[in-house]
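Below is one structure, written out as structure tokens; the observations come after it.
Here, each number is a calculation from the coordinates, and none is a lab measurement. Source: prediction; values computed, not measured. Here the Cβ positions follow ideal geometry from the backbone for every residue, glycine too, while neighbour counts run over all protein chains shown.
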Amino acid sequence: MTTVTKPKLATEADRAIGSRIAALRTAQGLSQTALGHAIGVSFQQVQKYEKGRNRVGASRLQLIADQLKVPVETFFTEKRPADTGSETVQALFDDPETMELVAAFRAIQDRTMRSGVLSIVKAAALIQRDRAEA
């Protein structure tokens, strides 16, 4: 008798990892083609990873993390409320503008400039909050 095995179906975790890959890739201005070329797959395969249709193997995920200059653990953060409110960590990863802001901020090497940029962003958030409360 032969045993029939079912194909490995993508899980919610696969979709979460894929969306984090997409958000980080987009934030860094990297195309699917460029990422695929860097990790040795087609852009179609990158699309499948990002949509969670195909699972990303451990070694391939490490290549992606290296290419995106993030620790591999970045793809496995838990879905917990962020310290700043009710948004989940996943929501932050899924917002391309948030990831773009983080990537741009990380590119600033000068500590004084980083502090200034952070002060501007905090002031804008405070103004927004005050307007919402008024």
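What to note about this one:
- Computed from phi, the 3J(HN,Hα) profile of the stretch 32-37 under the Karplus parametrisation 6.51, -1.76, 1.60 (θ = phi - 60°) reads 4, 4, 5, 5, x, 4 Hz, with x in place of Gly and Pro.
- Ordered by the count of other Cβ atoms within 10 Å of each Cβ, fewest first, Thr26, Thr33, Thr112 give Thr112, Thr33, Thr26.
- Gained length - Ser115 relative to Thr33, 0.36 nm times residue gap less alpha-carbon distance: 26.0 nm
- The count of lysine pairs in the stretch 12-133 whose Cα atoms are under 22 Å apart, excluding pairs fewer than 8 places apart on the same chain, comes to 4.
- Translational diffusion coefficient of the stretch 12-133 (Stokes-Einstein, Kirkwood radius from Cα pairs, 10 °C, 1.306 mPa s): 101 µm²/s.
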